[in-house]
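Trainee: The following block contains the structure, expressed as C-alpha cells.
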Amino acid sequence: MLAFSDGTRVTTPSRACHNCRRRRLRCDRSLPSCRKCSLAGKECLGYGPLLRWANAPAVRGKLVGRLGAACPSRPIEDVTDSSKQPSLSIPPALLDPSINGLGPKTKQYVHHFATVVCRDLVSFDQPNDNPFRSIIPPAGAFGFLGAIIVATGAMNMAAMLGRYDGLRRPELIDALVAKDRAMSLLRAAVDDLTPASLPMVVAATVFLVNLDLIDSGKGGWQVHIEAATKLMPSLLHNSILASNRSLMRCLDVITADCLTYRVLGAAISGLDLTHWAEEEPAEFLGVLERAAAYTYHCCPPEILQIFLLASKLHSNSKDGEAGADPDRINKALALLQAARSFDVVNWVHNIPGLSAHDDLPARITIGHAHRATACLYIILAVPGAADCPSLTSPSHADVVVQEVLGYLSAVPIDHVHLKGTIWPTFVVGAQTDDPAQRTWCLERLEAVWTRNPWMCPWGYIRTTIRMMQDLWVIRDSRKAAGELGSGGRNWLWELKSMRDKCLIV
C-alpha cells in the first residue's frame, strides 16, 4: 500500500495488468502503469475493468478475425511481419506522419521517451498535460531534435534494463550513435539559426544535459548549460513562441530546468555561473515561477536564487577561508534571513497551473527541506556567518542537519515526489557524521534509483551516491587525523577540488 503525506493511501494492485496477464508474464504492479509494458513499448491497459468494443473482432473460436455486422471498418494493421519486428502501441501524440514513418526500433525509443522520460521530467505526470510531450511533433522537422529524443529514450531504456543485464546493451550503443548524430546536426543548426529553429536548438541543448544526467551526471553538462544559457535571452522576443502557446509552455519548463541545473551546478563546481541571472533577475524568477507546477525538484524559485547568490560567495572565496571578510559575512547573513522569512506554504498554494490531484502537503514539506538546505549551504559557503550573534534562529550546522532530516523523513519513501528530495538528501548526507543518518540518506537515494514505484534510474543518482561515500571517506580520515574543521575547511571545499563533478538536481 502506497501512502501520501496527507494520509491518503493507495492500494497496490492485487493482480497483474491486462497485458502481462495475456502474455503470462510476472507483472511488477507499478503505479500508475506497469513498467514492463513501458519497456516493451506497449501502452499499459491498467489493472481495473477492461472496456471492450461490442463489435470487436472475435479472438476465439471459428470467427477469429471477423468483425460484427454493425462495424464496417477494420482496425489499422501494421504491415510489418510481427514475427520479425516488435509490436508497438503508439499513443496519438506519436502519430505525426514524420514520426510514424520511422522504423520499429526508433519508434520504440520515441515511445519510451514519451511515456517514461517525459514522466520522469515532471513532478506529477498528467497524460494530457505534460509540456515535454509537446516537443515530439516538431522533431520531424528538425533532425537534431529528433536524434536527441531518440538518444534520450534509448539511454533511459539502457539505464533501466542495465540494472539487470549489465551495461553492454544494444540500447546504449543506439543512444551513443543517436547522440553523435544529434551533436553533428546541432552544430550545423547553430551556425544557421532562424526564429523557427532557435527554440528547438535550446531544447535540444538542454536535453544533452538530461542525456548526461541519465548516463552518469558527468560529461559535458557544463558546456551544454553555458551554450543554452547564452541562447536564452533570444527567446524572450521569439515570434514563433509568441504564436504557439503549447510550445512556449514547453520551452518555459525546459528553460527552467536549465536554470536550475546552472544554479545547482555552480553550487557544486564552485564555478561562477551566475552572470545571466544577475543581469536579468526578474526574468530568471519569472521563468522558474511559470514552470513551478512541472519542475520535478519542487524547489521554490526564491530559494534557488538564494542558492545562486550563496554559490557566488563560495566561488569568490579562497580555499578553506573561514569567511572573516565582514562584507561576505553580512551578505551571507542577509541570505540566511531571506531564506528563513520565505513563506513556503503560501508559495505552494499559489503555484499557477498545479494539478488538482497533486499532493500539496508533500510539496510544502519538500519546499521546507529545500529552504533549510539553503541555510545549511550558506553556513558551509561562509562558515563565519554561523557564529554571528545577531542571528535569531539556530544556525549551527548540526541543528540545521536535524531540521532537514526532519522534513525529508516526512516524505514517504514510495511517494511520487521523492525524486524532488535528491539535492537536500545529498547535502545533508555529506554533512552528517552519524552512521545511522548516513545509512538513511543512502537508502533514500537508492530508493529513487531502484526501489520507488516511480523509479527514476538516472545514472547521476548512482554517481551522487558514490560521491557522497567518497566525501565520507575524506571527512572520516580528516577527523581521525584531527584536521576536521581546521581553517574553515568542510566537505564543500573538498567537493570543489574534485576532478570529476557530478551534476546533482
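Trainee: Mind checking which residues of the range 1-38 are closer than 23 Å to His112 by Cα and at pLDDT below 70?
Mentor: The answer is Leu31, Pro32, Ser38.
Trainee: Right, something else. Among the candidates Ser184, Ser216, which residue alone is closer than 21 Å to Asp120 by Cα and surrounded by fewer than 21 Cβ atoms within 10 Å (Cβ to Cβ)?
Mentor: Ser216
Trainee: While we're looking at this one, here's another question. For the structure I just gave you, tell me whether Val287 is at pLDDT 90 or above, under 22 Å from Ile422 (Cβ atoms), β-branched (Val, Ile, Thr) and in a helix (DSSP H, G or I).
Mentor: In short, no.
Trainee: Moving on. Identify the residue in the range 296-321 that is part of a loop (DSSP other than H, G, I, E, B) and among the hydroxyl-bearing types (Ser, Thr, Tyr) and, among all such residues, is modelled with the highest pLDDT.
Mentor: Only one residue fits best here, namely Tyr296.
Trainee: So which of Asp433, Asp398, Asp414, Asp358 ends up being surrounded by fewer than 16 Cβ atoms within 10 Å (Cβ to Cβ) and not in a helix (DSSP H, G or I)?
Mentor: Only one candidate qualifies: Asp433.
So that you can scan it fast, the table gives a plain yes or no per residue for (1) out of contact with any Leu (no Cβ under 6 Å at 6 or more places or on another chain); (2) part of a helix (DSSP H, G or I); (3) more than 17 Å from Ile254 (Cα to Cα); (4) at pLDDT 90 or above:
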position	(1), (2), (3), (4)
Asn156	yes, yes, yes, yes
Arg163	yes, yes, yes, no
Leu167	yes, no, yes, no
Val177	yes, yes, yes, yes
Asp180	yes, yes, yes, yes
Ala188	yes, yes, yes, yes
Val202	no, yes, no, yes
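Per-residue answers, yes or no, for (1) among the aromatic types (Phe, Trp, Tyr); (2) over 17 Å from the mean Cα position of the chain (by Cα); (3) at pLDDT 90 or above:
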position: His415; (1), (2), (3): no, no, no
position: Thr421; (1), (2), (3): no, no, yes
position: Pro453; (1), (2), (3): no, no, no
position: Tyr460; (1), (2), (3): yes, no, no
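Trainee: Considering only residues that are hydroxyl-bearing (Ser, Thr, Tyr) and part of a helix (DSSP H, G or I), which ones fall in the range 232-248?
Mentor: If the condition is that a residue be hydroxyl-bearing (Ser, Thr, Tyr) and part of a helix (DSSP H, G or I), then Ser234, Ser239, Ser246 are the ones that fit.
Trainee: Can you give me the number of residues within the range 401-411 that are outside any helix (DSSP H, G or I) and among the β-branched types (Val, Ile, Thr)?
Mentor: 1
Trainee: Something else now. Name the residue, out of Ala277, Ala324, Ala293, Ala282, that is modelled with pLDDT of 90 or more and either among the aliphatic types (A, V, I, L, M) or over 30 Å from Asp125 (Cβ atoms) (or both).
Mentor: Ala293
Trainee: I would also like to ask the following. Cβ contacts < 7 Å: first residue at positive phi, restricted to the range 16-45; second residue crowded, with 18+ Cβ neighbours inside 10 Å and modelled with pLDDT of 80 or more, any location; separation 6+ or different chain. Result?
Mentor: Going by the 7 Å Cβ cut-off, the qualifying pairs are Arg29/Ala16; Gly41/Gln108; Gly41/His111; Gly41/His112.
Residue by residue, here is whether (1) touching a Lys or Arg at 6+ places or on another chain (Cβ under 8 Å); (2) of a type outside the set (Val, Ile, Thr); (3) at pLDDT 95 or above; (4) within 24 Å of Ile474 (Cα to Cα) holds:
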residue	(1), (2), (3), (4)
His357	no, yes, no, no
Ile364	no, no, yes, no
Ala386	no, yes, no, yes
Leu408	yes, yes, yes, no
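Trainee: Can you tell me which condition Arg371 does not meet? The list is (1) modelled with pLDDT of 90 or more; (2) under 20 Å from Ile225 (Cβ atoms); (3) outside any loop (DSSP other than H, G, I, E, B), and all the others hold.
Mentor: Every condition holds for Arg371 apart from (2).
Trainee: Write out, first by first residue and then by second, each pair whose Cβ atoms fall under 7 Å of each other, whose residues are 6+ apart or on separate chains, and whose first residue, in the range 113-138, is in contact (Cβ under 8 Å) with a residue 60 or more places away in the chain and aromatic (Phe, Trp, Tyr) while the second is in a loop (DSSP other than H, G, I, E, B) and buried (at least 21 other Cβ atoms within 10 Å of the Cβ).
Mentor: Sorted first by the residue in the range 113-138, then by its partner, the pairs are Phe132/Leu121.
Trainee: Across the range 241-270, which residue is surrounded by the fewest Cβ atoms within 10 Å (Cβ to Cβ) among those that are more than 24 Å from Glu302 (Cβ to Cβ) and of a type in the set (Gly, Ala, Ser)?
Mentor: Restricting to residues being more than 24 Å from Glu302 (Cβ to Cβ) and of a type in the set (Gly, Ala, Ser), the top hit is Ser243.
The values are calculated or read from the model by the stated rules, or taken from the named source; none is laboratory data. From a predicted model like this one, the values you see are computed outputs, not experimental measurements. FYI the Cβ positions are ideal-geometry reconstructions off the backbone, even for glycines, and counts take in every protein chain you see.
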